[in-house]
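Here's the structure we're looking at; comments come further down.
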Amino acid sequence: MKQLTLTLLIFSACFGLAYAGPTYTGKEMKQVAPPCPQWYADNEWSISLWGTYAATGTEYAPNLDLFDLVESTTEGHTVYGTFDKYLGGDHAFGGGIDIKYFFHRYFGIGVEASILDAHRGAGFDLESNGVDVFIHQRRSENRAVGEALGTFTLRYPIPCSRFAPYAWAGAGVIWGGGERDIIILDGFGGIGEEPEPLYHTVHHGTTTEAVGQFGGGLEFRITPHIGWMNDFSWNVIARPRNNFGMVRTGVTFAF
């Protein structure tokens, strides 16, 4: 009887081991989450093509009153009114490109170039003979204003996200704007007891100026190699009443 009982115990133990299956430790049973997709690389080139709208920081209110211009010139302080002294109007449209290299995913250095279709409508040619004042022509034209800068960018790709806010600063040159007309009082002459003032206009052409730029924006990656960017920048030119803002939107290619 004892031998039969012992045989049954051994059979039961072997049967239990056969169907118990493998065993796991607590470390092996812990589930590991899949890694987040990498939308931004640690080291990558980025090329952006964008359109832009520029708005000047000075109110566009030129003095179009010829009598006031002539009289104020005679008094020694020509009143030209207010308007941007570089772009000339109150806004402009254009486009551009920038090329950056990002290292350690957060820092980028690059170059940027843009062109604006700027309108100038405050030009004139004034001349007098001591009796009458003549306007030979009024210039109102569109011209291209170009800008080229070197930039430094700080970027923060949000973990497990397609979004990356960024900020940047740059410095370079701007050209194609800055024309101006100055009324010169030549003295007094004419016929009669009271001498009449004599005038002429001096036209100054375009100038090249130093420009600084800083701004911030947000990029959204559609794929790890294609994104959409939107940002705003403020451009500072050395002379007064020249500063302007730019809103940009466009596509980015990363590789």
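We did not get these values from a lab; they are worked out from the coordinates using the rules stated. None of these values were measured; they are calculated from a predicted model. All Cβ positions, even for glycine, are placed from backbone atoms using ideal geometry, and neighbour counts span all protein chains on display.
When you count the other C-beta atoms within 10 angstrom of each residue and take the mean per peptide, 57-66, 111-120 line up highest first as 111-120, 57-66. For the stretch 139-255, the ratio of Cα radius of gyration to the globular rule of thumb 2.2 N^0.38 Å stands at 1.75. Residue ranges 76-83, 99-106, 169-176 sort as 169-176, 99-106, 76-83 when ordered by packing (mean number of other C-beta atoms within 10 Å per residue, highest first). Each residue of the stretch 195-200 was assigned a 3J(HN,Hα) from its phi angle through the Karplus curve 6.51 cos²θ - 1.76 cosθ + 1.60 (θ = phi - 60°); the sequence is x, 9, x, 10, 10, 7 Hz, with glycine and proline shown as x.
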